[in-house]
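Accompanying notes for the structure given below.
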């Protein structure tokens with residue numbers, strides 16, 4: 001019998017009946033929970049169902065749930081961070097493809113001889129960059145001073161945390177990965193992928 005403890009493979013949790021929250025979306029970016037022996041609850045990442053599970057006692061889950069529903073714990077969302085960017089002077093636009101579908105949400109702010117740009121293609125597909133102030137093309141820059149990619153909440157928070165008057169760890173300009181020849185290609189409504197040129 002598998003011992004149930006933090007870090008045990010979620011696939012090895014005996015008798016698990018994994019379920020998502022009723023408000024979970026269809027893209028699979030959720031956590032799933034299952035009751036386990038001893039009045040505990042196991043939690044796993046729905047994108048990595050074989051990965052490790054976290055196991056909490058009933059009182060811990062109840063206390064956390066009460067804190068969240070009572071407003072004691074507030075977890076910032078991508079929308080929260082976008083509102084903060086707007087408050088800091090970001091202007092947003094929504095480029096569309098030939099069919100009129102939005103391919104991204106792009107925010108730009110020029111300040112202190114730099115240009116900050118955020119591009120949101122999906123919740124898990126966000127690019128934030130700080131460019132030199134003389135960048136000619138902010139969507140396909142030749143050089144960047146700082147860049148992060150990944151999940152919206154992580155990337156937007158890192159952009160907000162950047163000091164206005166300096167760029168940490170940026171001793172020189174570098175070419176971003178997306179500066180190679182290629183283009184953004186719409187893959188679905190509101191989504192696009194960078195397609196590098198093959199020649």
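The values are calculated or read from the model by the stated rules, or taken from the named source; none is laboratory data. This structure is a prediction, so every number in the text was calculated from the model and none was measured. With ideal geometry, Cβ positions are generated from the backbone for all residues, glycine too; neighbour counts draw on all protein chains shown.
Identify, please: which residue in the range 119-133 is out of contact with any strand residue (DSSP E or B) (no Cβ under 6 Å at 6 or more places or on another chain) and in a strand (DSSP E or B) and is, among those, surrounded by the fewest Cβ atoms within 10 Å (Cβ to Cβ)?
So, considering only residues that are out of contact with any strand residue (DSSP E or B) (no Cβ under 6 Å at 6 or more places or on another chain) and in a strand (DSSP E or B), the one surrounded by the fewest Cβ atoms within 10 Å (Cβ to Cβ) is 132.
Would you say residue 144 is farther than 30 Å from residue 9 by Cα, under 21 Å from the mean Cα position of the chain (by Cα) and touching a residue at least 12 places away in the same chain (Cβ under 8 Å)?
When the stated conditions are applied, residue 144 passes them.
Of everything in the range 96-118, what is more than 21 Å from residue 150 (Cβ to Cβ) and not in a strand (DSSP E or B)? Give them in sequence order.
Passing the criteria: 97, 98, 99, 100, 101, 112, 113.
Quick one: in the range 134-151, which of the residues that are touching a helix residue (DSSP H, G or I) at 6+ places or on another chain (Cβ under 7 Å) and closer than 17 Å to residue 109 by Cβ is surrounded by the most Cβ atoms within 10 Å (Cβ to Cβ)?
Checked the range 134-151; the qualifying residue surrounded by the most Cβ atoms within 10 Å (Cβ to Cβ) is 141.
Within the range 39-46, is even one residue outside any loop (DSSP other than H, G, I, E, B), surrounded by fewer than 12 Cβ atoms within 10 Å (Cβ to Cβ) and in contact (Cβ under 8 Å) with a residue 12 or more places away in the chain?
Yes - at least one qualifying residue is present in the range 39-46.
Would you call residue 158 surrounded by 14 or more Cβ atoms within 10 Å (Cβ to Cβ), at negative phi, at pLDDT 90 or above and part of a helix (DSSP H, G or I)?
The answer is yes for residue 158.
Among the residues in the range 78-90, are any in contact with a strand residue (DSSP E or B) (Cβ under 7 Å, 6 or more places away or on another chain), touching a residue at least 24 places away in the same chain (Cβ under 8 Å) and over 17 Å from residue 161 (Cα atoms)?
no
Which is at pLDDT 55 or above, under 18 Å from residue 94 (Cβ atoms) and assigned by TED's automatic domain parsing to the domain that holds residue 93, of 186, 132, 141?
Every option except 186 fails the conditions.
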